[in-house]
Amino acid sequence: MAAKKKRSSGNTVAQNRKARRDYAILEIFEAGIMLLGTEVKSLRSGRASIGEAYAQERNGELYLNNAFIPAYESAGYATHNPREPRKLLLHKREIAKLLAAINRKGMTLVPLSIYFNERGIAKVQLALGEGKQKRDKRQDEKSRDWQRDKARLMRDKG
């Protein structure tokens, strides 16, 4: 029997590092994503970007817009559009909950990361967030600096 190749769990392909700075994260969801074969191969090579991506409702379904998955070089004639909207796979109750939340003022769905789970299936970590004002960002930065200074003082004292 052939030995199964062990996959590392949490194989992160792309991260949106600005999301936690620009949005107050209220809740996190895990969603599947519909991809073509060349998109999966391109993701496995780790060359995706979701810095400007967002999720949007269309006909009662959620789509990931503006995510960049580059074309796979070794693909023949069957390639994909790098920026096309990709359908997100969630349960109906989760979709209804998210649609109700994003219809409220200031709420948006932001992808935090794209990764492969332990079974090798591509997943998107979505966050339901509320946009931060500039003053909120400054306050977060001040509290983060104070926590760092406090930890430094405690470490040096003890």
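The values are calculated or read from the model by the stated rules, or taken from the named source; none is laboratory data. Source: prediction; values computed, not measured. Because the Cβ atoms are built from the backbone with ideal geometry, glycine has one as well, and the counts that use them run over all protein chains shown.
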Only one residue in 32, 46 is exposed (fewer than 15 other Cβ atoms within 10 Å of the Cβ) and within 30 Å of residue 104 (Cβ to Cβ), so which one is that? 32
Residues in region 31-76 that are more than 11 Å from residue 88 (Cα to Cα) and assigned to a loop (DSSP other than H, G, I, E, B) total 21
Of the residues in region 1-30, how many are over 30 Å from residue 141 (Cα atoms) and either at pLDDT 80 or above or aliphatic (A, V, I, L, M) (or both)? 3
Evaluate region 83-94: report whether one residue or more is more than 20 Å from residue 129 (Cα to Cα), of a type outside the set (Ser, Thr, Tyr) and at pLDDT below 85. yes
